[in-house]
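Below you'll find the structure, written out as structure tokens, and then a few comments.
The values are calculated or read from the model by the stated rules, or taken from the named source; none is laboratory data. Since the structure is predicted, the reported quantities are computational estimates derived from the model, not experimental observations. As a convention, Cβ positions derive from the backbone with ideal geometry for all residues, glycine included, and neighbour counts pool all protein chains shown. Accessible surface areas use protein heavy atoms only, side chains included; no ligands, DNA or RNA. Shrake-Rupley method; radii C 1.70, N 1.55, O 1.52, S 1.80 Å.
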Amino acid sequence: MWKKLFAWLDDRLGLNDLYKATLDRPEPKGNWWNTLGSASLVLFLLQGATGIFLTVYYTPSPDHAYDSIQYIMNEVAFGWLIRGIHHWGSTLMVLVVFIHMLRVFITASYKYPRELTWLIGCALLILTLGMGFTGYLLPWNQRAFWATTVATEIAGAVPFIGGFITEVLRGGTELSALTLSRFFSAHIWMLPLLLAGCIGVHVYLIIKHGESAFPDKED
Ligand code: HEM
């Protein structure tokens, strides 16, 4: 029955062709360092899934943000687990993306024809850090408030446009309800959409060029 269903879908969607075009291709000899890009992708999806669950109870307003997190931690069934995975997942994602970039650098995989893959990777690193930065404020506790106050102050040190950047980030001169709502919007809409788009192009380029192989003695 499953075979029939698959054949029916394959006829209409071209699943086999899709598989051949994307996944059925030669790969360099198995190496754990080459799994870090896929690990980054899995972590991105995990962060997306747990983040969606968190928005069910989280409220992005100064009056309710802190309490809504307490509610998630203490009252919602498995809320502590979902938040824990999201919290530690963010740290792990930054770490894994960074080690993935180091591997690409050490094996010089940024050279022709993969320069664009590298440049889009740089954007992915900045966007991943941006997710961490905007997410840090959302619990609206003392640590989040003061860390973001300091970080947005540091952005103010950029010559000429520093003051402007700080004001855009804060939505005014001080941290306020406006800061929280624009960080929330960036955290759940703008940055994830940009990340998803860049990951799409990144993966397309990897499929197009194949993965670089580690040279061995004969090479
Ligand atoms: C969200 C972050 C990222 C995701 C999801 C991601 C995903 C991937 C995947 C699935 C691969 C193929 C498997 C592998 O080689 O590990 C890959 C390869 C690659 N990535 Fe990333 N990546 C990310 C960040 C970065 C960063 C920060 C850089 C560098 C600045 C980068 C540059 C590259 C390059 C040049 C390749 C090709 C490597 C080769 O052919 O050997 N990526 N990436």
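Leaving ligands and nucleic acids out of the surface, order MET1, MET101, MET190, MET93 by accessible area at 1.4 Å, largest first. Kindly include the intermediate steps, with their values, before the conclusion.
Numbers: MET1 170, MET101 55, MET190 105, MET93 15 Å².
So the residues, ranked largest to smallest area, are MET1, MET190, MET101, MET93.
Considering just Cα atoms, how many Å³ per residue does the convex hull of segment 139-194 enclose?
Numbers: hull volume 4.5 nm³, N = 56.
Cα-based convex hull of segment 139-194, divided per residue, equals 79 Å³.
Given the options PRO139, PRO28, PRO159, state which has the largest fluctuation in a GNM of the chain using a 10 Å cut-off (strictly under) for Cα springs.
In this elastic network of the chain, the residue with the biggest mean-square fluctuation among PRO139, PRO28, PRO159 is PRO159.
Say the dipole of the chain comes from +1 at the beta carbon of Lys and Arg and -1 at that of Asp and Glu; which of GLN142, ALA155, ALA123 then lies farthest toward its positive end?
About the Cα centre, the residue reaching furthest to the positive side is ALA123.
Gap in Å between the Cα centre of segment 158-219 and the Cα centre of segment 25-75?
If you average the Cα positions of each part, the centres end up 15 Å apart.
Tell me what the chain gives for mean residue ellipticity at 222 nm when only DSSP H runs of n ≥ 4 count, each as -39,500 (n - 2.57), the sum divided by the residue total, rounded to 500 deg cm²/dmol.
Numbers: 10 runs with 152 residues, N = 219.
Calculated mean residue ellipticity at 222 nm is -23000 deg cm²/dmol.
Thinking of segment 124-167 as a set of Cα atoms, what percent of all their pairs are more than 13 Å apart?
On the way: 559 of 946 pairs.
So the portion of pairs separated by more than 13 Å is 59 percent.
Within the chain, which is the longest segment containing none of the chymotrypsin sites (Phe, Trp or Tyr not before Pro) that sit in a DSSP loop and have at most 14 other Cβ atoms within 10 Å? Could you put the intermediate results ahead of the total?
Working: sites that count: PHE78, PHE160.
It runs 79-159.
Any chance you could list the semi-axes, whole Å, largest first, of the equivalent ellipsoid that the Cα gyration tensor gives for segment 121-219, using √(5λ)?
36, 15, 13
Among LEU175, ALA186, PHE53, pick out the residue whose Cα is farthest towards the positive end of the charge dipole of the chain, where Lys and Arg carry +1 and Asp and Glu carry -1 on C-beta, about the Cα centre.
It is PHE53, whose Cα lies furthest towards the positive end.
Quick one: how many Å² of ASP67 are accessible to a 1.4 Å probe, rounded to 10?
90
Just going by the charge dipole of segment 1-87, with Lys and Arg at +1 and Asp and Glu at -1 on Cβ, which of LEU9, LEU36, TYR66 is farthest out on the positive end?
LEU9
Rounded to the nearest 20 Debye, what is the dipole magnitude of segment 159-219 about its Cα centre when Lys and Arg each give +1 and Asp and Glu each give -1 at the C-beta?
340
Cα-based count: Lys pairs in the chain below 19 Å, eight or more positions apart or different chains? All intermediate terms of the calculation are to be shown ahead of the outcome.
Numbers: LYS3/LYS20; LYS20/LYS208; LYS29/LYS208; LYS29/LYS217; LYS111/LYS208.
The result is 5.
If you build the Cα gyration tensor of the chain and take the root of 5 times each eigenvalue, what three semi-axes come out, in whole angstrom, biggest first?
Working: eigenvalues 278, 125, 49 Å².
Semi-axes from the Cα gyration tensor: 37, 25, 16 Å.
If all Cα-Cα distances of segment 1-95 are sorted into 10 Å bins from 0 onward, what percent lands in each bin, rounded to whole numbers?
In whole percents, the pair-distance histogram is 13, 26, 21, 23, 15, 2.
Loop only by DSSP, 11 or fewer other Cβ within 10 Å of the Cβ. Give me the trypsin sites (Lys or Arg not before Pro) in segment 120-219 that pass, ordered by residue number. The partial results should precede the final answer.
Working: sites: ARG143, ARG170, ARG182, LYS208, LYS217; in loops: LYS217.
Sparse-neighbourhood loop trypsin sites (Lys or Arg not before Pro): LYS217.
How long are the three semi-axes of the equivalent ellipsoid for segment 41-170, computed from the Cα gyration tensor as the root of 5 times each eigenvalue, in whole Å, largest first?
Numbers: eigenvalues 185, 105, 21 Å².
The equivalent ellipsoid of segment 41-170 has semi-axes of 30, 23, 10 Å.
With +1 on each Lys and Arg Cβ and -1 on each Asp and Glu Cβ, how big is the dipole of the chain about its Cα centre, in debye rounded to the nearest 20? Numbers along the way, then the final one.
On the way: 15 positive and 16 negative charges, 71 e Å.
Here the size comes out at about 340 debye.
Going through the DSSP H helices of the chain, which span 24 Å or more along their own axis at the Cα atoms while scoring at least -0.5 as a mean Kyte-Doolittle hydropathy? Show your work: numbers first, answer last.
Working: long enough: 36-55 (28 Å, 1.65); 79-106 (40 Å, 1.30); 115-137 (34 Å, 1.53); 191-209 (27 Å, 1.64).
Counting only whole DSSP H runs, the qualifying helices are 36-55, 79-106, 115-137, 191-209.
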